[in-house]
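The values are calculated or read from the model by the stated rules, or taken from the named source; none is laboratory data. In this text the structure is predicted, and so the values were computed from the model without any measurement. Please note: Cβ atoms are built from the backbone with ideal geometry, for glycine as well, and neighbour counts cover all protein chains shown. Areas reflect the complete protein model, heavy atoms only, side chains present, ligands, DNA and RNA absent. Shrake-Rupley method; radii C 1.70, N 1.55, O 1.52, S 1.80 Å.
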Amino acid sequence: MTHDIVPTHLVVKAMRDNGYKNASYALAELMDNSIQADATRVELLCGQREYKGDYRVTMRIHQIAVLDNGKGMDADTLRIALQFGNGRYLEAENHTGIGRFGMGLPSSSISQCTKVDVWSWQNGVDSALHTYLDLKKIESGELAEVPEPLPLAIPEIWRRVGSLFEKSGTLVMWSDLDRIMFKTANAIIDNSEFLIGRLYRSFLNSGKLQIRMVAFNMDIPNQLEEKYALPNDPGYLMERTSCPTPWDKTSMFSPWGGQYFEVIHVIRFRDQDHEVKVRFSLAKEQARPGRNPGALPHGKHAAKNVGLSIVRADRELDLDRGWSSPSDARDRWWGVEIDFPPGLDDLFGVTNNKQSARNFSEMAKLDVEMLLDGKSMEEVRAELEEDDDPRGPLLDIVNRIQTSINTMRRVLRAQKASGDDDDDGKRHNPNSTEAIATEATNERKEEGHAGKTDEQESQSPQERERDIQQVLVDQGVAEQKAEMLAATTVSSGLKYLFSKSDIETPAFFSVTLKGGAIIITLNTNHPAYSRLVEILQEDVEGEDEETLKERLAKARDGLELLLMAWARYEDEQPDGRLREAAKKARWEWGQIAQRFLESEDA
């Protein structure tokens, strides 16, 4: 009778629930080992067989293998590689690449299967050594340690579908796939392709790594389907990626922040300096055409890449959605990537399965302003570092990221708003609100009511267009769009021009009198915009009657609240001149509004 503190078979059984999100993440752990072994080519080989069910015959995944052309392992290294918590990269001085924890191969494998076989060779494939782990034998007590690696020929099936049996390499094979969520070979590849392309995008983009993915029938191995992984860049700055056309061969985003699109922070940790790089990117305006660009193929692709990309040693750990808002569609159109070296693993809180950086992710919702509470950033950072709080060294980075994301959201809102100003040739429509208001204004001018912009109409058309265009550009409208809007306004004889911008004031809208035009700029940052304007401009295609009624009800509520806000404004005015001035402004505005609205009815 043994007296182990924890029986081995129970430990291994518990390790099966080790946090790998699915088979794709577990397979990525094997590819990490390949890259650490200097592989330039990796193959994901998924073999399936016919399965006879009660009613039909279907294909089911049977075995999975990962093959590489790395430097291979000798007998000692191979045996260590299958031991839990052992490996060549455990010590701090060896933390220079993707590997580290000595848990990857066995831990990832048993999360998906009960048996893993490994062949590795360093002097031709015929010299391959083999060993394995078998959970059933471990649970029965038959297997207490990793078997000594012995020469064993690689099964012919893998020799036929694989193409990397060169001077050196490794083959890892999974059998008894009892925890694989994906049931077919194609499903495994389809679901892995997006993730693998993202995790290893830097290696794929630089040409340092090629990943071939093969689905085949193990009974007819000459019938196979193959594809090669393309980079999947959530920052969309890379070219020739998996992003759908027209952005598959060119970058969909642009670097954001000018010369500061890549910010380098130097962090002192355990008596060493480490560089942490943060990169920002923003969607090009051409990528967001019309009112619903998110419904386009590239918009749907971007929706699956929402979040902050956490990168360690050129390999992505996690696409952390905690930095984005599930309800904000703009978040698919910006990218942020933070890249740190393995020497900062403990500071960032890198997990054993290399799927997240917990310490850093926990700071996504950190309220920096509340933390400062009147103190300077330097004071708060010093206090946190004195208490060995990991937030201290990361505080500046988090503040920069949060501030930049909020700014990019405002830029995206301003871009989108300015892009909607002339949809469907609205300004050329004689029944447009701008045309109706212009006609009513001309009638008032004939009655003797004069405005400042009336005097500006004496300027040449070129001068007027230039003045209007400059106002729009200053508000964040793209130069080409501003030029078109200015030219249309002047040539059509319109008096009014609507614009939209993120105005840093509490006003719902601003009025600019320039170039003979009255430029009304709606503040997209004001809640009245989302409650009144935006909710009525959203695309209604495909929405049911109940949803449309709900939208109109929200708009009605928004209008009522806006009117009540004005009423309260009058109520708060002191008795006398100020209250009378507010009442007079309401009356006179109401008279003009009545005239404009009656013109529309006519």
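Between Glu239 and Asp190, what is 0.36 nm times their sequence separation minus the Cα-Cα distance? Round to one decimal in nm.
On the way: separation 49, 0.36 × 49 = 17.64 nm, distance 2.12 nm.
My answer for the length gained is 15.5 nm.
Going by alpha carbons, how many degrees (0 to 90, nearest 10) lie between the helix axis of 479-491 and the longest principal axis of the chain?
30
Can you work out the accessible area per residue across the chain, with the rest of the protein chains kept in place, probe 1.4 Å, in square angstrom?
Details: 30820 Å² over 602 residues.
Ligands and nucleic acids excluded, the result is 51 Å² per residue.
For Cα pairs less than 8 Å apart in space and 6+ apart in sequence, what is the mean separation divided by the residue count of the chain, i.e. the relative contact order in percent?
Numbers: 1026 pairs, mean separation 55.5, N = 602.
Result for the chain is 9 percent.
Apply the Karplus curve 6.51 cos²θ - 1.76 cosθ + 1.60, θ = phi - 60°, to the phi angles in the stretch 275-290 and return the couplings in whole Hz, x for Gly and Pro.
Values, residue by residue: 8, 10, 10, 10, 10, 10, 8, 9, 4, 5, 4, 5, 7, 10, x, x Hz.
Computed from the coordinates I sent, volume of the Cα convex hull per residue in Å³ equals one of (1) 209; (2) 323; (3) 239. Tell me the label.
(3)
With the cut-off at 21 Å, tell me which of the pairs Lys249/Lys304; Lys284/Lys500; Lys183/Lys300; Lys249/Lys481; Lys21/Lys183; Lys115/Lys208 have Cα atoms farther apart than that. Could you put the intermediate results ahead of the total?
Working: Lys249/Lys304 19 Å; Lys284/Lys500 19 Å; Lys183/Lys300 25 Å; Lys249/Lys481 26 Å; Lys21/Lys183 16 Å; Lys115/Lys208 31 Å.
Among Lys249/Lys304; Lys284/Lys500; Lys183/Lys300; Lys249/Lys481; Lys21/Lys183; Lys115/Lys208, the Cα-Cα distance tops 21 Å for Lys183/Lys300; Lys249/Lys481; Lys115/Lys208.
Rounded, prolate or oblate: pick one for the stretch 157-226, where a ≥ b ≥ c are the square roots of the eigenvalues of its C-alpha gyration tensor, a/c under 1.5 means rounded, and failing that, prolate if a/b is larger than b/c, else oblate. Before the final figure, lay out each step's value.
Values: a/c = 1.75, a/b = 1.18, b/c = 1.48.
Judged from the Cα gyration tensor, the stretch 157-226 comes out oblate (a/c at least 1.5, b/c at or above a/b).
Please compute the length gained on full extension between Glu386 and Arg568, using 0.36 nm multiplied by the number of residues separating them and subtracting their Cα-Cα distance. Mind showing how you got there, number by number?
Numbers: separation 182, 0.36 × 182 = 65.52 nm, distance 5.04 nm.
Gain on stretching Glu386 to Arg568: 60.5 nm.
Compare the peptides 112-119, 472-479 by average per-residue count of other Cβ atoms within 10 angstrom and give them in order, highest first. If you can, show how the numbers build up before the last one.
Values: 112-119: 22.8, 472-479: 18.2.
My ranking of the peptides, most packed first, is 112-119, 472-479.
Could you give the size of the charge dipole of the chain about its Cα centre, using +1 on the Cβ of each K and R and -1 on the Cβ of each D and E, expressed in debye and rounded to the nearest 20?
Details: 75 positive and 101 negative charges, 255 e Å.
I would put it at about 1220 debye.
If I fit a long axis through the Cα atoms of helix 433-446 and take the longest principal axis of the Cα atoms of the chain, what angle between them do I get, 0 to 90°, rounded to 10?
Relative to the chain, helix 433-446 is tipped by roughly 20 degrees.
Once both axes come from the Cα atoms, what is the angle between helix 391-419 and the longest principal axis of the chain, in degrees from 0 to 90, rounded to 10?
Taking the Cα atoms of the chain, the angle to 391-419 is about 50 degrees.
Using a Förster distance of 41 angstrom, determine the FRET efficiency expected from the C-beta separation of Ile220 and Ser127, and round it to 0.05. Please list the in-between numbers first.
Working: r = 30 Å, r/R0 = 0.73.
The value I calculate is 0.85.
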